[in-house]
Each structure stands twice: as C-alpha cells, then as structure tokens.
Amino acid sequence: MQFSIREASAGEWRYRFEMGGKTISGKTRTRLQLLAIRRAKDRIDRELNRSAESQS
C-alpha cells in the first residue's frame, strides 16, 4: 500500500492513500515525522481491517 504524507503546517501532517478506487485522506498533529507516518499506517490498517470484515 502506498501513501503520501506532507507537513501542511508546523506540527500538522496530512496523509492520503487509495483503497478500492477510493481516496482516503486525513491529518494528524505531531512534531515528529516518523510518528505522523506511524499514525498514517495505523489508519491504513484500520481501513484494511474494516474492508476485510465487510467482505466476510
């Protein structure tokens, strides 16, 4: 899964990824880029789990 992340302003990060033809985006507040990346990956995991549950 590929995603993009960028610092929108000091301490605010925006992320975006595509899943099932749908673009999902969000934002998180942290000073650390690695923490922002981790939170984006957590969101991706939640969406993947949600998708798997709805297919069951």
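Give the residues of the range 2-13 that are open to solvent by 70 Å² or more (accessible area, probe 1.4 Å) and of a type in the set (Asp, Glu), sorted by residue number.
Within the range 2-13, the first condition is being open to solvent by 70 Å² or more (accessible area, probe 1.4 Å), and the residues that meet it are 2, 6-7, 10.
Selection gives GLU7 alone.
Those residues that are open to solvent by 60 Å² or more (accessible area, probe 1.4 Å) and of a type in the set (Ser, Thr, Tyr), I need them from the range 19-35; list them, please. Step through it out loud before you land on a result.
From the range 19-35, those open to solvent by 60 Å² or more (accessible area, probe 1.4 Å) are 20-23, 25, 27, 29, 31-35; that's our starting set.
THR23, SER25, listed by residue number.
If the requirement is being among the basic types (Lys, Arg) and open to solvent by less than 90 Å² (accessible area, probe 1.4 Å), which of these qualifies: ARG38, ARG16, ARG43? Reasoning before the result, please.
Working: ARG38 fails: open to solvent by less than 90 Å² (accessible area, probe 1.4 Å); ARG16 fails: open to solvent by less than 90 Å² (accessible area, probe 1.4 Å).
Only one candidate qualifies: ARG43.
The values are calculated or read from the model by the stated rules, or taken from the named source; none is laboratory data. Please read these numbers as outputs of a predicted model, since none were measured by experiment. Just the protein is used for accessible areas: all its heavy atoms, side chains included, with ligands, DNA and RNA removed. Shrake-Rupley method; radii C 1.70, N 1.55, O 1.52, S 1.80 Å.
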